[in-house]
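Everything below concerns the one structure shown next.
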Amino acid sequence: MRRPRRPPPCQVRLLPFRVPSLHTLLPTPQASLLGVTLLPSAEELFCTCSHVSLHCALTPQTRLLVGGEMLERMPAVGPDGAACGSHLINVARGGIADEAAVAAALHSGTLTSYASDVFDQEPLPADHPLLGCPGFIGTPHIGGATREAQDRVGLQIAAAVLAVLDGRVPEDGVVGVA
């Protein structure tokens with residue numbers, strides 16, 4: 001099992017806007033150091049934020065977490081009152097956002113844009129409802145397919161193998177050890 005990674009504080013603090021988050025693993029003192037405001041619920045996050053990016057595991061609690069009701073709660077104005085639309089990014093897992101509800105929200109204008117590289121069914125079938133939506137951007141789930149990412153994975157695997165051969169538990173954890 002891998003430990004969740006946290007961005008260095010400088011990456012978050014340099015953002016010129018407030019960063020609200022629903023993060024169940026990040027303690028409040030660490031969140032404050034990172035410039036993150038923790039919110040108590042997904043409902044409050046969607047009522048507060050015009051731009052939401054999903055980065056969670058698909059679990060029974062998160063399956064279809066984002067549906068039509070949640071999307072309707074998103075403000076289309078920023079904290080300064082300027083119109084900016086409502087935008088959702090899903091780089092977590094297919095099944096967290098209800099794709100039919102997202103398509104309906106895009107068609108109705110409730111949601112301005114939806115970008116995702118994860119879907120319930122991959123690859124998307126040619127008749128998938130999202131493909132005809134205004135404001136939809138879809139890409140294959142290949143974020144880790146850069147040369148740098150592959151090099152890093154190779155080094156992590158080598159370090160894990162050496163740790164196991166040395167009788168230690170690998171630093172980044174091990175998936176599927178019996």
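Just so it is clear, none of the values below were taken in a lab; they were calculated from the coordinates. Bear in mind the structure is a predicted one, so any value in this text is a computation, not a measurement. Cβ sites come from the backbone with ideal geometry, for glycine too, and all protein chains shown count toward neighbours.
Here are the numbers:
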{"read-out": "Taking the range 48-178 and dividing mean pair separation by its residue count, relative contact order in percent (alpha carbons under 8 Å, at least six apart)", "value": "19"}
{"read-out": "Kirkwood hydrodynamic radius (C-alpha pairs) into Stokes-Einstein, the range 62-109, 25 °C and 0.890 mPa s, D in µm²/s", "value": "213"}
{"read-out": "Ordering of 126-133, 62-69 by burial proxy (mean other Cβ atoms within 10 Å per residue, highest first)", "value": "62-69, 126-133"}
{"read-out": "Among 44-56, 87-99, the order from most to least packed when residues are scored by Cβ within 10 Å on average", "value": "87-99, 44-56"}
{"read-out": "Residue 126/residue 63 FRET efficiency (R0 22 Å; Cβ-Cβ; nearest 0.05)", "value": "0.30"}
{"read-out": "Calculated FRET efficiency for the pair residue 51/residue 25, C-beta based, R₀ 25 Å, to 0.05", "value": "0.70"}
{"read-out": "Förster-model FRET efficiency, 30 Å R0, residue 145 and residue 80, C-beta, rounded to 0.05", "value": "0.20"}
